[in-house]
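The values are calculated or read from the model by the stated rules, or taken from the named source; none is laboratory data. Just so it is clear, the model here is predicted, and its values are computed rather than measured. We place every Cβ from the backbone using ideal geometry, glycine too, and count neighbours over all the protein chains shown. Areas reflect the complete protein model, heavy atoms only, side chains present, ligands, DNA and RNA absent. Shrake-Rupley method; radii C 1.70, N 1.55, O 1.52, S 1.80 Å.
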Amino acid sequence: FSVRSVTIPLREGQWFDEPAYLVGGGPSLRDFDWRLLTGRRNVIAVNMAYWKVPTASIWFSEDYRVIDLALEDCVVECERRARHWTDFIGVKILHALDPAFADHARRKDESVHIIERSRKDKFWAQSFDEGLSSSSNSMIGALNLADILGANPIYLLGVDCNKPKEGERFIQNFHSCYPASWRVAATQLTDFSNDFKLWAAPHLSHRTVLNANPTSAVTCWPKISTQEVFKCH
């Protein structure tokens, strides 16, 4: 594979042995006290999570459409979404899985830094120039990013993958930002969970990864309550 030169304002090992907080979109965060993350170091907000964590160190996604969505000047839950994107002062990183996605992101927002997909097979990057691992969801790439930065421990928030029980309504995210056409089928949650278990976890055996949702269907890492997370650090 070809190694690409990547220019982003981050250094490999920059978070060496420091805790990191990776924030997903799972519905377990509906009642989360977002003030706990305000001003905290080493936070990666995945996809639309930046909206609730404006002081995050990094916004990360593999879905270029999130940039389009973020730039729409519409009102969501009584707040103007585009303002949150414009005011976000962290490093914005798109892992572009196709060159066309990178071009699209550059046209939409020049402040977004691009890491281009370097290979199509499953692998785990050891440096930014190698690209990043990619799989069924953006949290896989975010975990690879945190690993390259040297974070330890890594706390996961909003990583749920819980299928609805019979008769229950499927709630995909803690927010209502995504259009109906973006909804993930409940059956895809098994794929997400398997990617964490079979792909990410073996490559992160040298890190302490803790899932801050005691009821998460992702069981490959020890679980911890959010109270314990923020009591520890």
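Worth a mention:
- For segment 70-169, applying the loop criterion from DSSP together with a ceiling of 11 other beta carbons within 10 Å to the GluC sites (Glu not before Pro) yields Glu77, Glu110, Glu166, Glu168.
- Separation of the Arg30 and Asp17 label points, Cα + 7 Å toward Cβ, nm: 4.2 nm
- Based on C-alpha pairs under 8 angstrom that are at least 6 apart in sequence, segment 142-233 has a relative contact order of 38 percent.
- 29 Å Cα-Cα threshold exceeded, pairs from Lys52/Lys120; Lys52/Lys231; Lys120/Lys165; Lys165/Lys231; Lys122/Lys165: Lys52/Lys120; Lys120/Lys165; Lys165/Lys231; Lys122/Lys165
- The chain shape via C-alpha gyration tensor axes, a/c threshold 1.5: rounded
- Solvent accessible area, Å² - Trp15, 1.4 Å probe, full protein context: 10 Å²
- Computed over the alpha carbons of segment 53-168, Rg followed by Dmax gives 15.6, 47 Å.
- Among Asp129, Asp73, the order of accessible area from largest down is Asp73, Asp129, computed with a 1.4 Å probe on protein heavy atoms.
- Taking every DSSP beta bridge that has both ends in the chain, the antiparallel portion is near 10%.
- Available extension along the chain between Ser225 and Asn194 is 8.9 nm, counting 0.36 nm per residue and deducting the alpha carbon span.
- About its Cα centre, the dipole of segment 1-147 is roughly 80 debye, where the only charges are +1 on Lys and Arg Cβ and -1 on Asp and Glu Cβ.
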